[in-house]
Amino acid sequence: MRYGIFADIHSNLEAYEAVLEAMRAERLDSYVCAGDIVGYGADISRCIELTKAITGNVICGNHDQASAGRLDTRYFNPGARGAVSWTAKRLNEAERQYLSDLKLTYDGADFTVVHGSLDEPDKYHYILDVNAALRNFQMMRKKLLFIGHTHRPIVYKRKGEDVSVTTDREVRLEKDSSYIVNAGSVGQPRDGDPRAAYVVYDNRENVIQIKRVSYDVKKAQEKILVAGLPPHMAERLGYGQ
Ligand code: ZN
């Protein structure tokens with residue numbers, strides 16, 4: 001099977017359409033969305049519709065849960081909190097219910113998906129270093145975990161007691177190792193590369209590929225400005241931050 005795994009769309013329709021088109025062109029077998037369909041961007045409804053249309057394998061991100069009114073935003077930074085309340089006001093009842101019903105984890109045949117961290121998935125901790133990765137490796141029941149949340153594509157590898165990290169675009173999975181793969185972000189990359197990110201996992205060839213796709217950043221930025229969202233939400237898309 002070849003899986004398309006993607007996260008953090010954040011209501012960026014232009015980025016999402018580019019990723020969906022790229023994934024379709026690769027004729028992948030199955031898709032998993034690792035959360036945060038909404039928040040930050042302007043196109044809430046269309047991004048929810050496209051997600052529903054492509055897969056039922058969707059988990060909840062902190063923005064999805066908060067926008068549905070099910071997560072306290074006290075610990076969100078002011079920009080994220082503003083985006084959540086902007087989004088919450090614009091969700092219709094069916095959309096709110098859809099986001100509110102999303103599960104916190106997804107279990108595939110040989111992998112698990114969670115938005116932030118296996119350690120208290122409902123608290124959305126960030127895996128930002130080898131120590132946080134190690135805590136997650138210790139909790140993994142499968143050899144492969146896909147995450148999003150940091151908006152930075154990266155792969156952690158555990159072999160014995162050794163945890164290493166790589167930003168290589170292609171990683172060959174070794175039998176005696178476990179991996180945590182951050183799929184990066186479709187709609188708001190933060191690794192300095194403004195292109196949309198997603199991951200292809202081929203479980204026959206045992207390969208992970210981190211893919212990047214260019215999209216119409218200007219159009220997404222204009223929509224954010226016209227919607228009255230903070231200009232910073234538009235600017236950051238230009239630098240991938
Ligand atoms: Zn996010």
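What the table shows:
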read-out	value
Sum of side-chain charges, Arg70 neighbourhood, beta-carbon under 12 Å (Lys, Arg +1; Asp, Glu -1)	-3
Globularity index of the chain, i.e. its alpha-carbon radius of gyration over 2.2 N^0.38 Å	0.94
For the range 45-114, size of Cβ-based charge dipole, Lys and Arg +1, Asp and Glu -1, in debye	360
Under-5 Å amide H pairs with His125, H placed in peptide plane, nonlocal only	Ser117
Protein-only accessible surface order, largest first, of Met233, Met1 at 1.4 Å	Met1, Met233
Lysines with Cα under 24 Å of Lys223, excluding same-chain neighbours fewer than 8 positions away	Lys52, Lys89
Residue list for the range 183-227, given a label point 7 angstrom along the Cα-to-Cβ vector of Arg172 and an amide N cut-off under 20 Å	200-211
Theoretical ellipticity at 222 nm over the chain - DSSP helices of four or more residues, -39500 (n - 2.57) apiece, nearest 500	-10000 deg cm²/dmol
Residues of the range 17-52 with amide N under 15 Å of the 7 Å Cα→Cβ point at Ser85	40
Ranked packing of 54-67, 29-42, 191-204, 88-101, most packed first, by mean Cβ within 10 Å	29-42, 54-67, 191-204, 88-101
The range 2-239, dipole about Cα centre (Lys/Arg Cβ +1, Asp/Glu Cβ -1), debye to the nearest 20	100
Nearest-ten-degree value, helix 44-54 long axis tilted from longest Cα axis of the chain	40
log₁₀ of I(q)/I(0) at q = 0.32 Å⁻¹ - the range 49-92, Debye sum with one point per alpha carbon	-1.11
Using a Förster distance of 51 Å, the FRET efficiency for Asp29-His125 (Cβ separation, nearest 0.05)	0.95
Assigned charges on the beta-carbon of Lys, Arg, Asp, Glu; the range 118-176 dipole about Cα centre (debye)	220
3J(HN,Hα) from dihedral phi, the range 104-118, Karplus parametrisation 6.51/-1.76/1.60, rounded to Hz, x for glycine, proline	7, 9, 10, 10, x, 4, 10, 8, 10, 10, 9, 5, x, 7, 5
Long-range amide H partners of Leu173 with built H, under 5 Å	Val207, Ile208
Helix 13-25 vs. the chain, principal-axis angle (Cα, 0 to 90°, nearest 10)	40
Relative contact order of the chain, pairs being alpha-carbon contacts under 8 Å that are 6 or more residues apart, as %	23
R0 of 45 Å, Cβ-Cβ distance Arg135-Arg96: FRET efficiency to nearest 0.05	0.85
Positive-end residue of Gly187, Gln209, Ile224, charge dipole of the range 174-234 with Cβ unit charges	Ile224
C-alpha long axis of helix 217-226 to longest principal axis of the chain, angle in °	40
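The values are calculated or read from the model by the stated rules, or taken from the named source; none is laboratory data. Nothing here was measured: the structure is a model prediction, and the numbers come from that model. Neighbour counts are summed over all protein chains in view; Cβ atoms, including those assigned to glycine, are modelled from backbone coordinates with ideal geometry. Accessible surface areas use protein heavy atoms only, side chains included; no ligands, DNA or RNA. Shrake-Rupley method; radii C 1.70, N 1.55, O 1.52, S 1.80 Å.
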